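Written below as structure tokens is the structure these notes are about.
Nothing in this text is a laboratory measurement; each read-out follows from the coordinates by a stated rule. Quick caveat, the model's predicted, so the values are computed rather than measured. Glycine also receives a Cβ, built like all others from the backbone with ideal geometry; neighbour counts cover every protein chain displayed.
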Amino acid sequence: MRELLTGNYAIAEAVRLAKAQLIPAYPITPQTPIYEKLSEMEAQGTLPGIMVRVESEHSAMAMCISASLTGARVFTATSSQGLALMHEMLHYASGNRVPVVMGCVNRVLAVPWSFGSDQTDTLAQRDTGWMQFYCEDNQEAFDTVIQAYKISEIVMLPSMVIIDAFFSSHFIEPMEVPDQVAVDRFLPKAALPERFDIENPTFVSNVVTTGSQFMPFRKRGFDDMENAKTVIKKVDKEFEEHFGRRYGMVEAVQTEDAQLVLVTSGSMTSTARVAVDSLRNKGLKIGLLKIKTFRPFPSGEIKSALQGVAKVAVVDRNISLGNEGIFCQELKSSLYNSDIRPPVYGFIAGLDGLDVSPDTLEGIAMEVMGKDEPNDLPVWIGGS
């Protein structure tokens, strides 16, 4: 069925169709409409699960972990400072191998206090052991929530489904919403291990005494995160077979003959598509690489997409103070030990939702085409 939905409402609708059984809720702008819509569904009797209003984001994640350990399918959502407050519990979630799915709406972290889009809040959680999926538009956000449940419940690691504040969260787009029967065919009822057995009580999150006990747990988590790549691809292919849409861990657009490839993520990618078409019409061989999956990082897919490319320009809506844009540094790291090592130019643009227009991205491409080598530091675009 064709519907007009904001990104927030698209996520809420996907959670309903995924039959999440427990939804601990604590609101924060610009994620609040996800909970408002789910609460409305609950009041109307159309939400299969129940919502619990908790006193903080920390509590929300603690409840998700506890419920998931009993075998329940759970969901929560947050943004910015709320995600930062959850940080401790994010490690507990991945360490306990609970397949929580969380909607994250990228918003700047204080200080200064603001509300616009900035990926630093989720990227600051990159080492917590969560899978991270950055969505370009509302349809992709909806589809990715459905996929994330299937992926997480196979891999037994939690997932973040991530959209941009206001560009996606509050922007209304036409999209396809399948019926419950179709979703049920793709996503079976939750069948998670129940790790609380009153007849055979055990510890959860027990203390280990030495590094020799600790390291095997971390190695297992590392291996399973790496193996998740195979699961992500398989689930994405199955999703295409059911619904006709597929996203990949990355998407390469006109990279085969490209002299320069722009690298983007999130909603900025839609703007980059327009810029690349315009540059192609002007006779310039420019391509686009969209990074959708950030954890696990798709190094192999990136190397494949950038074969034969002369230059790469990464446009980050985030910053790691003391280094550069986070997607840029990760991409460089993935290429360093390979024979595919084009010069990589880093740009910081769009922080706090500052507009990144097609002209802006065309200007970045033209600047890189005219340079012999990258700067040591990222180039800042816009602002004062």
Distance-filtered residues of segment 1-25 - backbone nitrogen under 20 Å, label point 7 angstrom along Val177 Cα→Cβ: 1-23
Net charge dipole size for segment 276-321 [Lys, Arg +1 and Asp, Glu -1 on Cβ; Debye, nearest 20]: 60 debye
Mean Cβ count within 10 Å, highest first, over the residues of peptides 159-167, 214-222, 68-76: 159-167, 68-76, 214-222
For segment 321-362: rounded, prolate or oblate by the Cα gyration tensor [a/c cutoff 1.5]: oblate
Cα lying deepest toward the dipole's positive end in segment 2-243, options Leu47, Thr128, Val15, charges on Cβ: Thr128
Added length on full extension, which subtracts the Cα-Cα distance from 0.36 nm per residue, Glu194 to Gln44: 51.0 nm
Projected label distance in nm at Ile340 and Met1, using a 7 Å step from Cα toward the beta-carbon: 4.3 nm
Spatial separation of Cα centroids for segment 19-40 and segment 161-228, in angstrom: 18 Å
Förster-model FRET efficiency, 30 Å R0, Thr70 and Lys233, C-beta, rounded to 0.05: 0.50
Dipole in debye (nearest 20) - the chain, about Cα centre, beta carbon charges: Lys, Arg +1; Asp, Glu -1: 740 debye
Val207-His87 FRET efficiency (beta carbon distance; Förster radius 25 Å; 0.05 resolution): 0.75
Cut-off 17 Å (backbone N to label point 7 Å along Cα→Cβ of Asp359), residues of segment 278-320: 278-279
For segment 221-230, 3J(HN,Hα) per residue [Karplus equation, 6.51 cos²θ - 1.76 cosθ + 1.60, θ = phi - 60°, Hz, x = Gly/Pro]: x, 4, 4, 5, 5, 5, 5, 4, 4, 5
Mean Cβ count within 10 Å, highest first, over the residues of peptides 364-371, 135-142, 276-283: 135-142, 364-371, 276-283
Most positive-pole-ward Cα, Thr6, Pro201, Ile172, against dipole of segment 2-243 from beta carbon charges: Pro201
Net charge dipole size for segment 261-350 [Lys, Arg +1 and Asp, Glu -1 on Cβ; Debye, nearest 20]: 240 debye
Anisotropy class of the chain from Cα gyration tensor, a/c 1.5 cut: prolate
Cross-link pairs beyond the 21 Å C-alpha cut-off, checked among Lys219/Lys290; Lys150/Lys303; Lys332/Lys371; Lys189/Lys234; Lys237/Lys292: Lys219/Lys290; Lys150/Lys303
In range of the label at Ala124: residues from segment 5-35 whose backbone nitrogen is under 19 Å from the point 7 Å along Cα→Cβ: 26-32
Computed [θ] at 222 nm, deg cm²/dmol, the chain (DSSP H ≥ 4; -39,500 (n - 2.57); rounded to nearest 500): -13000 deg cm²/dmol
Selection from Phe214, Ala258, Ser338, by position along the positive dipole direction of the chain (Cβ): Phe214
